[in-house]
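Single-structure report; data block below.
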Amino acid sequence: MRPQSLGYLIVNAKNLDDWPRYATEQIGMQAGERTSKTLALRMDDRKQRLCVEANGGEGIGAFGWEMADADAMRAVATRLEAAGVAVTHGPRALADERRVKELVIAHDPLGQRLEFFHGAETAPDDFRTGREHSGFRTGPLGVGHVVITVESAGDLLAFYKDVLGFSLSDYYYEPFEAYFLHVNPRHHSFAFIATGKRGYHHVMMEHWSFDDVGQGLDLALREEGLIGVTLGRHCADYVTSFYTNTPSAFMIEHGWGGANIDPETWVATHRKEGPSLWGHERLWMSAEGRANARKIAVNNASNGVRKPVQVIEGNYRLNPGVCPWWDSLTGKAR
Ligand SMILES: [Fe+2]
């Protein structure tokens, strides 16, 4: 029984005060409960999707993988133990902190802390976005996706596939080696890229409206050095996005228009067109790496690589003249 989705993330921070303005005014999350050491951040009806912990660190402190129920949580614990991975039951106080009914804790081969939980608490009050914003696409798809950087792919793929039951979505080798894994219809909930250096690359959050991304871009452009990757569109999940640098040494990808896959029938392929259809100048890469990535994107354009836009209800209207039947219903007056 594999996880249903990426349910929450624990974010390490040096100083809690670095986060509230960025999370609310730039991303659009809602600041939830705050203690002297923690700050809860909401993206939806859940009490927290991100919890920032002032522990002097950076990056992701724990991945909260959501299980269907207590039985599914115990089943994943049994699988981990059978694979020789130590599993501990989360104490009641930790479950309360995480705002879940119950959790178990284990570590992946890189030593990353994984928390498998069930029964997330919802908040009694409605979600209120931190800036004028239409909300996030979460629900059964979870927070979004996390991409980490690794020295080499090693046995991480085997652990996530064979022990945890994640499925490979696709992979490529240029401009860096990358593997994308899914647990639900979101193209990937977890991915790792072999850049030669261990670290946390980014967390993708999917905004409900395309304009949430564009307006977030305007906000980000006001602050020198905030943008980590420029506007562009991904080949695999069709997400249009840009990335900003968080206060905790990873980026948040402001995305829109993620494609759904059918996890039952999806077949992983070698994605030869690389990461992006266009754009996505990666300011974190070396000049040489950026030149190579740009070459791949320009080749995509030369080869006519185009992907359908993944519009969702409430995000589109056809232009008059596109469909006579629709025009007859709407009177063209739009
Ligand atoms: Fe991403």
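Looking only at 11, 305, 87, which one moves most when the chain is put into a Gaussian network model with springs between Cα atoms under 10 Å?
305
Highest mean first, what order results for 234-242, 264-272, 193-201 on Cβ atoms within 10 Å?
Numbers: 234-242: 23.7, 264-272: 11.2, 193-201: 16.3.
In descending order of packing, they fall as 234-242, 193-201, 264-272.
Could you pull out every residue, at least 5 positions away or on a different chain, whose amide H is within less than 5 Å of the one on residue 169? Hs are placed 1.01 Å off N in the peptide plane, and Pro or chain starts have none.
180, 181, 182
How much of the DSSP beta bridge set in the chain is antiparallel, as a percent to the nearest 5?
On the way: 54 of 75 bridges.
Antiparallel: roughly 70 percent of the beta bridges in the chain.
How long is the gain from residue 283 to residue 45 if the chain were fully straight, where each residue apart is worth 0.36 nm and the alpha carbon distance is subtracted?
Numbers: separation 238, 0.36 × 238 = 85.68 nm, distance 3.42 nm.
Contour length minus the Cα-Cα distance gives 82.3 nm.
Roughly what % of DSSP beta bridges within the stretch 1-126 run antiparallel, to the nearest 5? Can you show the working numbers first?
On the way: 23 of 32 bridges.
In the stretch 1-126, DSSP labels about 70 percent of beta bridges as antiparallel.
Please list, in order along the stretch 268-281, the HN-Hα scalar couplings obtained from phi with the Karplus expression 6.51 cos²θ - 1.76 cosθ + 1.60 (θ = phi - 60°), rounded to whole Hz, x for Gly and Pro.
5, 9, 7, 8, 7, 7, x, x, 10, 5, 6, x, 6, 5
Rounded to the nearest 500 deg cm²/dmol, what is the calculated helix-only ellipticity per residue at 222 nm for the chain, with -39500 (n - 2.57) per DSSP H run of length n ≥ 4?
-5000 deg cm²/dmol
Any chance you could tell me what percent of the C-alpha pair distances in the chain go past 37 Å? Could you put the intermediate results ahead of the total?
Working: 9163 of 55611 pairs.
Distances greater than 37 Å cover 16 percent of the Cα pairs.
With springs connecting C-alpha atoms under 10 Å apart, model the chain as a Gaussian network and identify which of 54, 123, 83 has the largest mean-square fluctuation.
Maximum among the listed residues: 83.
State whether the stretch 206-305 is rounded, prolate or oblate according to the following rule on the C-alpha gyration tensor (a ≥ b ≥ c being the square roots of its eigenvalues): a/c under 1.5 gives rounded; otherwise a/b larger than b/c gives prolate, and the remaining case gives oblate. Can you show the working numbers first?
On the way: a/c = 1.86, a/b = 1.24, b/c = 1.50.
Oblate is the answer for the stretch 206-305, as a/c is 1.5 or above yet b/c matches or exceeds a/b.
How many nm is it between the label spots at residue 34 and residue 121, if each spot is 7 Å from the Cα in line with the beta carbon?
1.9 nm
Compare 20, 247, 320 in a GNM of the chain, Cα atoms joined below 10 Å, and give the one with the largest fluctuation.
In the Gaussian network model the winner is 320.
In whole percent, what relative contact order does the chain give with Cα contacts below 8 Å and a gap of six or more residues? All intermediate terms of the calculation are to be shown ahead of the outcome.
Details: 735 pairs, mean separation 51.0, N = 334.
Computed value for the chain: 15 percent relative contact order.
What order do you get for 114-121, 157-164 when each peptide is scored by the mean count of other beta carbon atoms within 10 Å, highest first?
Working: 114-121: 20.5, 157-164: 17.0.
Output ranking for 114-121, 157-164: 114-121, 157-164.
With θ set to phi - 60°, apply the Karplus curve 6.51 cos²θ - 1.76 cosθ + 1.60 along the stretch 148-156 and write out the HN-Hα couplings as whole Hz, x wherever there is a Gly or Pro.
After applying 6.51 cos²θ - 1.76 cosθ + 1.60, I find 10, 9, 10, 5, 8, 4, x, 9, 5 Hz.
No lab work stands behind these numbers, since they all come straight from the coordinates. Here the structure is a predicted model, which means the values were calculated and not measured. Virtual Cβ from ideal backbone geometry, glycine too; neighbours counted across all protein chains shown.
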